[in-house]
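The values are calculated or read from the model by the stated rules, or taken from the named source; none is laboratory data. Predicted, not measured: the structure shown is a model, and the values here were computed from it. So basically every Cβ, Gly included, is an ideal-geometry build from the backbone, and we count neighbours across all protein chains shown.
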Amino acid sequence: MPKFNIVDHTGSRQEVDFDVTAYRAAGENQQSLSQHLETQYPSQAGGPTTFEQCMAQAGLFVRGDRSSGIHPPTMKSVIDGNIKMDAASIVRNDGTGNNTVTGRLLFPEVIMQIIESELSESKDDLLAGYDSMIATTAFVTSPKVDQPVINVTAPQADKYRSQPIAQLAEPSALVTITLAERSHRIPTKAIGLTISDQALEATTLDLVGIAMTQQAGQERIRIVEEAIIDMTAATADVDTDPDGVGLTAFEAKSLDATQVAGGMTQKAWIHFLRDNYRTMSVSHIMCDIDTAMAIENRVGKPINATDDPNSPRIDSLFSVMNLGIASPRVLLMDTAVIGAQTVVGLDSRYAIRRIVNVNAAYSAIENYVMRRATSFRVDYGEISHKLMADAWKKMVLTQA
């Protein structure tokens with residue numbers, strides 16, 4: 001069993017030893033290995049974490065540093081256990097420091113951290129735009145999750161107002177949070193890694209991280225698009241719609257009788273953004289590019305192309321004190337995802353809860369670490385569901 005010498009939260013040096021079963025213990029506690037080690041052996045605030053200290057001692061550098069001559073290890077070194085390291089810091093039970101399984105033991109967690117770091121703050125414009133609409137994100141290490149249901153419908157007579165009460169009486173419950181009667185499973189995608197014997201020497205740890213992150217990013221785009229389809233559907237989906245009500249669309253013509261099919265008017269657009277101001281503020285909209293062009297070219301849109309700034313003005317202008325309309329951010333989606341002539345608005349503060357499962361199957365880690373396999377698998381999955389139904393609205397430019 002490899003042993004590490006770390007600096008703990010008190011500033012003292014402490015010996016840490018663990019084996020592959022630590023992954024299982026971490027998973028049972030809904031933690032990653034790094035979180036598990038930090039719980040067992042707290043590190044100093046502001047300093048390297050316990051896992052980062054173990055990585056450094058094992059020679060698992062994800063990025064190189066030319067000034068200090070540090071290079072990411074090759075996968076051959078990781079697999080064979082020949083990473084150059086300080087034998088005084090990492091030893092086996094027999095006191096030797098060569099050919100240990102240290103690199104193989106830490107490698108799965110290193111890869112999972114690289115993937116999680118990239119996916120939690122994506123630079124892709126679609127994923128970054130979607131991330132900005134998320135109210136809250138939870139990272140879990142289990143595919144099974146419970147779904148909370150937030151209910152603001154009581155009392156039914158006037159659900160958004162507090163109620164007068166008698167002295168010492170209990171207040172009316174305006175908000176209740178319960179768990180859905182069923183638990184849901186996050187669909188799991190397996191990202192596999194196999195390196196040929198000939199490529200082991202030429203493949204470095206940072207290259208492996210880039211390749212697996214790129215694969216996970218492509219998969220996440222598909223997951224996000226599927227989630228948007230489910231959350232904006234007219235029918236309820238048990239995994240994305242805990243209140244059991246789909247997102248029902250209304251016609252733009254209901255906001256302005258002069259609106260024609262396929263077009264948009266200034267009056268309908270302002271009503272779309274302004275109506276329901278008591279319950280939501282439209283911070284984001286989703287639509288395809290043709291619908292975005294219809295909004296851009298809406299009838300009655302204020303312009304100043306014919307304005308003469310030198311003309312004397314005998315006028316009295318008014319200003320609206322409580323228009324309450326922010327400039328919404330637009331996420332362009334394929335027509336197949338969001339629908340033609342469809343505008344979906346949401347309030348990013350309350351609209352979406354995302355749950356990401358970044359985990360490696362324990363059996364895959366055990367096989368990789370203990371049986372010296374050259375293949376490795378990371379399990380990854382993500383679901384999103386509507387957090388509060390009142391934070392959504394859907395409008396169509398078509399007319400029945």
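So, in region 314-338, exactly how many residues are closer than 23 Å to R274 by Cβ and not hydrophobic (A, V, I, L, M, F, W, C)?
Looking only at that region, the number is 6.
Residue-wise test of (1) crowded, with 22+ Cβ neighbours inside 10 Å; (2) touching a helix residue (DSSP H, G or I) at 6+ places or on another chain (Cβ under 6 Å); (3) modelled with pLDDT under 75.
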site: A26; (1), (2), (3): yes, yes, no
site: H36; (1), (2), (3): yes, yes, no
site: F61; (1), (2), (3): no, no, yes
site: P72; (1), (2), (3): no, yes, yes
site: D80; (1), (2), (3): no, no, yes
site: D94; (1), (2), (3): no, no, yes
site: N99; (1), (2), (3): no, no, yes
site: G103; (1), (2), (3): yes, yes, yes
site: L106; (1), (2), (3): yes, yes, no
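When you scan region 7-17, do you find a residue that is surrounded by 18 or more Cβ atoms within 10 Å (Cβ to Cβ), small (G, A, S), more than 18 Å from G103 (Cα to Cα) and at pLDDT 90 or above, even just one?
no
Give region 352-392 a look and list any residue that's at pLDDT 85 or above and either of a type in the set (F, W, Y) or more than 25 Å from the chain's Cα centre (by Cα) (or both), or say none.
W392
Just checking, does region 277-285 include any residue being charged (D, E, K, R), in contact with a helix residue (DSSP H, G or I) (Cβ under 8 Å, 6 or more places away or on another chain) and touching a residue at least 24 places away in the same chain (Cβ under 8 Å)? Quick ask: steps written out before the conclusion?
The first filter runs over region 277-285 and keeps only residues charged (D, E, K, R), leaving 278.
Still in the running and in contact with a helix residue (DSSP H, G or I) (Cβ under 8 Å, 6 or more places away or on another chain): none.
The answer is no, given that none of the residues of region 277-285 is charged (D, E, K, R), in contact with a helix residue (DSSP H, G or I) (Cβ under 8 Å, 6 or more places away or on another chain) and touching a residue at least 24 places away in the same chain (Cβ under 8 Å).
Go through T291, T265, T248 for me and flag whichever is crowded, with 16+ Cβ neighbours inside 10 Å, within 32 Å of the chain's Cα centre (by Cα), under 18 Å from Q341 (Cα atoms) and among the hydroxyl-bearing types (S, T, Y). Spell out the reasoning first.
Working: T265 fails: within 32 Å of the chain's Cα centre (by Cα); T248 fails: crowded, with 16+ Cβ neighbours inside 10 Å.
Just one listed residue meets the conditions, T291.
Output yes when any residue across region 254-261 is outside the structural domain of G339 (by TED's automatic domain parsing) and either at pLDDT 95 or above or in contact with a helix residue (DSSP H, G or I) (Cβ under 8 Å, 6 or more places away or on another chain) (or both), and no when none is.
If we filter region 254-261 for residues that are outside the structural domain of G339 (by TED's automatic domain parsing), which is where we start, we get none.
Scanning region 254-261, I find no residue that is outside the structural domain of G339 (by TED's automatic domain parsing) and either at pLDDT 95 or above or in contact with a helix residue (DSSP H, G or I) (Cβ under 8 Å, 6 or more places away or on another chain) (or both), so the answer is no.
Any residue at all in region 295-318 that is in contact with a strand residue (DSSP E or B) (Cβ under 7 Å, 6 or more places away or on another chain), of a type in the set (G, A, S) and either in contact (Cβ under 8 Å) with a residue 24 or more places away in the chain or closer than 15 Å to L346 by Cα (or both)?
There is at least one residue in region 295-318 that is in contact with a strand residue (DSSP E or B) (Cβ under 7 Å, 6 or more places away or on another chain), of a type in the set (G, A, S) and either in contact (Cβ under 8 Å) with a residue 24 or more places away in the chain or closer than 15 Å to L346 by Cα (or both).
Considering only region 294-360, give the strands (runs of 3 or more DSSP E) lying wholly within it that have at least 1 residues that are in the same structural domain as G263 (by TED's automatic domain parsing), surrounded by 10 or more Cβ atoms within 10 Å (Cβ to Cβ) and hydroxyl-bearing (S, T, Y). Spell out how you get there, then give the answer.
On the way: elements: 329-332, 342-346, 352-359.
Where strands (runs of 3 or more DSSP E) fall fully within region 294-360 and carry at least 1 residues being in the same structural domain as G263 (by TED's automatic domain parsing), surrounded by 10 or more Cβ atoms within 10 Å (Cβ to Cβ) and hydroxyl-bearing (S, T, Y), they are 342-346.
Which residues, counting only those in region 11-39, are farther than 23 Å from I114 by Cα, without any contact (Cβ under 8 Å) to a residue 12 or more places away in the chain and not in a strand (DSSP E or B)?
Selection gives S12 alone.
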